[in-house]
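So the structure is just underneath, and the comments pick up after that.
The values are calculated or read from the model by the stated rules, or taken from the named source; none is laboratory data. Since the structure is predicted, the reported quantities are computational estimates derived from the model, not experimental observations. Reconstructed Cβ throughout: ideal geometry from the backbone, glycine too, with neighbour counts over all protein chains shown.
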Amino acid sequence: MSAPSRTSPPHWICKPTPEGLLQALREQIARVETPRRPGAETPVSSGCRPLDALLPQGGFPRGTLVEWLAAGAGSGAETLALCSAREACREGGALVVLDRAGEFYPPAAARLGIELERTIVVHARTQADNLWALDQALRCAGVAVVLARPERLDGKTFRRLQLAAEQEGVLGLLLRPESVRHEPSWADVRLLVEPVAQASPAVAACADRRRLKVHVLRSRGSLQGRSVEVEIDHETHPLPVDSRPVGRAWPRRAAGA
């Protein structure tokens with residue numbers, strides 16, 4: 001009678017080492033902290049390469065919210081957000097614009113490369129209807145990106161919108177005033193856009209060209225407080241003025257800002 005063959009015991013019988021337990025715990029925490037998002041492995045370009053260089057994944061992960069904070073009227077935040085929306089639609093899907101205030105101007109969007117035949121504009125009557133439409137659009141698999149101007153967002157509503165974006169991998173671009181900067185945010189990326197005074201009178205007189213500075217106030221996985229200067233030319237779209245990131249030229253704010 002032959003002796004029974006020796007085999008290795010099942011893995012669950014083996015006593016794990018402290019190092020193995022620690023590594024397994026790290027991996028489990030990473031899975032919990034980073035939810036699975038459809039299409040998250042292919043980030044969306046902001047439409048401006050110098051800005052992409054400041055973001056940890058080289059763009060905006062799908063299934064996330066991005067806040068564009070405008071430092072006053074005419075800051076250029078909407079133009080840059082529309083350029084990001086254009087990039088998000090390159091692989092298909094619709095652009096949904098929540099335009100309760102009636103400020104969306106289709107001809108200007110078309111000049112930036114937005115395909116109007118794949119653009120849906122929603123005019124909600126009330127703030128509650130506007131938030132409901134935003135939530136539903138973020139949950140729609142046929143939508144690539146949603147552009148909205150939410151008037152007020154409490155923490156609970158903001159969190160619900162974040163979960164809605166994660167559900168189908170839709171990118172949410174939220175245009176908001178700089179005044180909300182001190183409020184808590186569930187956005188993965190928070191940017192502040194401000195106009196830059198033109199040194200040259202000739203350049204300042206050109207209505208189709210203007211300079212902006214984009215400050216990264218918050219971006220998960222990267223240093224905040226960095227900025228980049230871009231030039232908006234309505235014929236050629238955003239162009240870098242200085243592709244070198246500016247150091248911490250913008251002051252730190254309290255956590256959660």
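If you check 78, 103, 117 for being within 18 Å of residue 175 (Cα to Cα) and surrounded by fewer than 16 Cβ atoms within 10 Å (Cβ to Cβ), only one passes: 103.
Any idea which residue in the stretch 211-237 is farthest from residue 53 (Cα to Cα), counting only those that are modelled with pLDDT under 85 and in contact with a Pro (Cβ under 6 Å, 6 or more places away or on another chain)?
First pass over the stretch 211-237, keeping only residues modelled with pLDDT under 85: 220-225, 231-237.
Right, trim to in contact with a Pro (Cβ under 6 Å, 6 or more places away or on another chain) and you get 221-222, 232.
Numbers: 221: 13, 222: 11, 232: 18 Å.
That would be 232.
Inside the stretch 141-174, residues that are among the hydrophobic types (A, V, I, L, M, F, W, C), modelled with pLDDT of 95 or more and surrounded by fewer than 22 Cβ atoms within 10 Å (Cβ to Cβ) make up a count of 3.
Residues in the stretch 122-163 that are closer than 20 Å to residue 70 by Cβ and outside any helix (DSSP H, G or I): 145, 146, 147, 148, 149, 150, 151, 152, 153.
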